[in-house]
Amino acid sequence: MKQVLLKSGVWLNRRSVRFVLVLAVFAFIFAKIDRSALMAHLSRFDPAMGVAIVGIFLLSIAVFASRWWQISRALGVRAPFKDFVRVLWISQSVSECGPPLVVGELARFQLMRGSAETWQLIIGQAVDRFSGKIVLLLITLGLTPVYLGLYSEFPALQIVLFALILLSSASVAAVVLRRFWPMARSHTGIVLAICNPLRSPRHYGLSLLVQLLLAANFALAAAGLGISGDALTVFVLGPLLLLGVSSLPGLVSDWGKREAAAVFLLAPAGLTPEQSLAVSLIFGALHLLTALPGALLLLLLRRRETVSAPE
């Protein structure tokens, strides 16, 4: 059994296999919807809203980098803020080619090596991820009464809602205990100080801002499609959608699972499956567009390293 699981893991790690599986997910979704209606919705998207969404994505990169930078400074890392912005932008671009939690975190670690000790980088990234996840979970818990009201006509979705919350709670705990604590154990004092919201509230505030910006982009995508009357409800459902996406295993970035979650979770906002899918596709496409310059930054960085390497 163990060998079967190992072979399955190796098989799923192949990029071609992940892309095929994502295409299979999209094929299943497209088979269940009215494709002509989807194209009609996408054709009506307001480009001005697209510009606003890209601007918010750029702002979210800066806020995300600021959170990571402040956590790292508390751990003794003295790299300049611009390095964190550049590395984060690069990590977001490479995350579009694989599971974000694996590819993105590995890229961040590799590109920051030489700027700090290994334990500082690992703990800094772990606390950074923990901050974002715990704030998203708390937002969702706080909005649970609202969600129960929105999903009152969908009893099965209420069960899924609580399952998502419980699964995410367990995931946060598992990540902290399995990956974070063994490294943090020898630096308990500073780790607890950084994680204590009374002593280090700033990065939690930045995490709140990141989640609100991402939720706002879902709402702007809906507004750009002409669903402005339900955009506020989409904004409220944004954290739940983000929670659902983060609770599902990734194949290629968040493609596939984000669209499936959107079709499933945006119904209480009055959106049809085609509108829900259109919102997700616009969100994902514009995030990809925003991340692409990170690939150029990576190429420039590699070129400088090649030029400066001794012959």
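The values are calculated or read from the model by the stated rules, or taken from the named source; none is laboratory data. What you are looking at is a predicted structure, and each value in this text was computed from that prediction instead of being measured. Backbone-built Cβ (ideal geometry, glycine too); neighbour counts: all protein chains shown. Side chains included, ligands, DNA and RNA excluded: accessible areas come from the protein's heavy atoms. Shrake-Rupley method; radii C 1.70, N 1.55, O 1.52, S 1.80 Å.
Residues F235, F218: which one is of a type in the set (F, W, Y), open to solvent by 40 Å² or more (accessible area, probe 1.4 Å) and modelled with pLDDT of 90 or more?
Testing whether each residue is of a type in the set (F, W, Y), open to solvent by 40 Å² or more (accessible area, probe 1.4 Å) and modelled with pLDDT of 90 or more leaves just F235.
Considering only segment 1-24, how many residues are under 23 Å from S253 (Cβ atoms) and modelled with pLDDT under 85?
Residues meeting the conditions: 15.
Among the candidates G226, G189, G294, which residue alone is farther than 27 Å from E153 by Cβ and open to solvent by 50 Å² or more (accessible area, probe 1.4 Å)?
None of the others qualify; the one that does is G189.
For segment 246-256, check the following and say yes or no: at least one residue is outside any helix (DSSP H, G or I) and among the polar types (S, T, N, Q).
Within segment 246-256, one or more residues are outside any helix (DSSP H, G or I) and among the polar types (S, T, N, Q).
Out of segment 219-275, which residues are of a type in the set (F, W, Y) and free of Cβ contacts under 8 Å to residues at least 24 places away in the same chain?
The answer is F235, and nothing else.
If you go through segment 132-142 one residue at a time, how many are more than 13 Å from A65 (Cα to Cα) and buried (at least 18 other Cβ atoms within 10 Å of the Cβ)?
So the answer is 7.
In segment 201-213, what residues are open to solvent by 30 Å² or more (accessible area, probe 1.4 Å) and of a type outside the set (A, V, I, L, M, F, W, C)?
Passing the criteria: P201, R202, Y204, G205.
What tally of residues in segment 194-207 results from selecting those that are part of a helix (DSSP H, G or I) and at pLDDT 90 or above?
7
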